[in-house]
Amino acid sequence: MQFHVAIARESGAEQAAQTLIASVREAFGLASPDLVCLFFSPHYAKTARELVETIHRQLVPRVMTGCMGDGVIGPAEEYENTSVVTLWAAQLPEVRIVPFHLTFHEQESQSSYTFEGWPQELETLSERPTFLVFADPFSTPIEDVFETMEARCPGAPAIGGVASGGTDLGENLLVFNGGVVQEGLVGVALWGPVWIRTLVSQGCQPIGERYVVTKAERNIMYELGGAPTLERLRETLERLGPERGKQVAMAVQVGVAFDEQREEFGRGDFLIRGLLGADQRSGGVAISDIVKEGQTIQFHVRDPAAASEDFNLLLAQDRLDFPKSPFKGALLFSCNGRGRRFFAEPNHDITALQRRAAGIPVAGFFAAGEIGPVGGKNFIHGYTASVALFAEPFPGK
């Protein structure tokens, strides 16, 4: 198992492609990569087909995927608002890699979709794959995709991100083997002698007490523990003190517990969802997901300090849990709301990752939505860093 990352800054597609190809050949020799992930900034949108076709034709990878990103992540630097292409290549002996491109068609009821492109190889698969996926935000019903994956490959984790840099249907570009597509979802299913560990840093810290939802309708929580939700939120902020409470008020999120029966809750036991607004008259608070009576929630705060602590703790925990199985390559998908604009410093996420494994080949992009499993289920997140860590499997795994 071997990994390599190449970076190109040339403005022309041909020149950029040749820089990437030369770097991969220097690392792998004449052997073709088994998997190539290509991420490029919007500066290459008009020449993306030439870029992809040239790389695919000359490197002849077994499978090639990727997408355009508002920013691109290299092995040691996060490139924001600049022209850059990064190519992540992997030699994965005996690993099955099945590419797919899903396209969706809305049914007449406008509440469900049909889709085409699901790989036949996965219909009778006895092993649980890991999915690496990249989606167009304007043409992909991502929740329907997760439901399909769970129904056909129960428990299979999905990691990746939503393409960014485009503002309308057809502007976001996805890489599918030797071509470029402009809608749907592309990805690969991987299984065999590789262990892909997934980390999802939702970047939040809990504040205040936990409450049971006692009155709710769709995405509006009207009561928590028998009191208006807005009243509970005000109490939580007041307990933090005037100065801290005012700061936190602008960054409050809602954590929805996966298992209401737990006596203790820790990191990763909550799915973080955004707070959309509140109604003074009803005392209700709207969040960015459906909420049900009986669920346990806790308010959280998302700020640079909390996000940095959460990401570093997850990476440190992985190292503690698997000291004899370090990862050899990684893919990093950070929200396009993170980066310099959030942390007020460059390269935060890639620096944290490299601090745990200096020199490991890492690449990725800034996504318009990060995909990753939390609590054993796949979700789309915001302001999150999702990471795929590639390691050798344990003996017998």
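The values are calculated or read from the model by the stated rules, or taken from the named source; none is laboratory data. Keep in mind that this is a model prediction, so the values were computed, not measured. In this analysis, Cβ positions are derived from the backbone assuming ideal geometry, glycine residues included, and neighbour counts consider all displayed protein chains. When the accessible area is computed, the model is the full protein with side chains, heavy atoms only, and any ligands, DNA or RNA have been set aside. Shrake-Rupley method; radii C 1.70, N 1.55, O 1.52, S 1.80 Å.
Note on residue 147: accessible area is roughly 130 Å² with a 1.4 Å probe, heavy atoms of protein only. Between the helical axis of 13-28 and the longest alpha-carbon principal axis of the chain there is an angle of about 80 degrees.
Quick one: ranking 308, 386 by accessible area, 1.4 Å probe, largest first, what do you get? Provide the component values of the computation, followed by the final result.
Working: 308 35, 386 0 Å².
Correct descending sequence by accessible area is 308, 386.
Taken over the range 184-235, the ratio of Cα radius of gyration to 2.2 N^0.38 Å equals 1.97.
At an R0 of 41 angstrom, the distance between the Cβ atoms of residue 81 and residue 282 translates into a FRET efficiency of 0.45. Put the Cα centre of the range 181-204 next to the Cα centre of the range 131-155 and the gap is 11 Å.
Given R0 = 22 Å, the distance between the Cβ atoms of residue 49 and residue 9 translates into a calculated FRET efficiency of 0.65.
Taken over the range 306-397, the alpha-carbon convex hull comes to 105 cubic angstrom per residue.
Across the range 253-397, the relative contact order, built from alpha-carbon pairs under 8 Å that are at least six residues apart, equals 24 percent. Label-to-label distance, residue 195 versus residue 32, with points set 7 angstrom from Cα along the beta-carbon direction: 3.1 nm. A crude spin-label estimate for the pair residue 243 and residue 169, with each label 7 Å from Cα along the Cβ direction, gives 5.2 nm.
Partner lysines whose Cα lies under 28 Å from the Cα of residue 324, excluding those fewer than 8 positions away in the same chain, are identified as 377, 397.
A straight line joining the Cα centroids of the range 27-97 and the range 307-328 runs 26 Å.
Let me have the 222 nm mean residue ellipticity of the chain computed from DSSP H runs of 4+ only, each contributing -39500 (n - 2.57), with the sum over all residues rounded to the nearest 500.
Details: 8 runs with 90 residues, N = 397.
Value at 222 nm, helices only: -7000 deg cm²/dmol.
Note the full-extension length gain between residue 321 and residue 250 as 0.36 nm times their separation in residues minus their Cα-Cα distance, in nm to one decimal.
Separation in residues times 0.36 nm, less the Cα-Cα distance, equals 22.1 nm.
Quick check: the angle from helix 142-152's long axis to the longest principal axis of the chain, C-alpha only, nearest 10 degrees? So the inclination is approximately 80 degrees. Couplings for the range 345-351, taken from phi via the Karplus curve 6.51 cos²θ - 1.76 cosθ + 1.60 with θ = phi - 60°, read 7, x, 6, 4, 5, 5, 5 Hz in order; Gly and Pro are left as x.
Extending 7 Å from Cα along the Cβ direction at residue 19 and again at residue 227 yields two label points whose distance is 5.8 nm. Relative to the longest principal axis of the C-alpha atoms of the chain, give the angle of the C-alpha long axis of helix 48-59, reported between 0 and 90° and rounded to the nearest 10°. Helix 48-59 sits roughly 50 degrees off the main axis of the chain.
Over the chain, Cα pairs under 8 Å with separation of 6+ residues give a relative contact order of 20 percent. Each peptide in 294-303, 168-177, 363-372 was scored by the mean count of other Cβ atoms within 10 Å over its residues; highest first, the order is 363-372, 294-303, 168-177.
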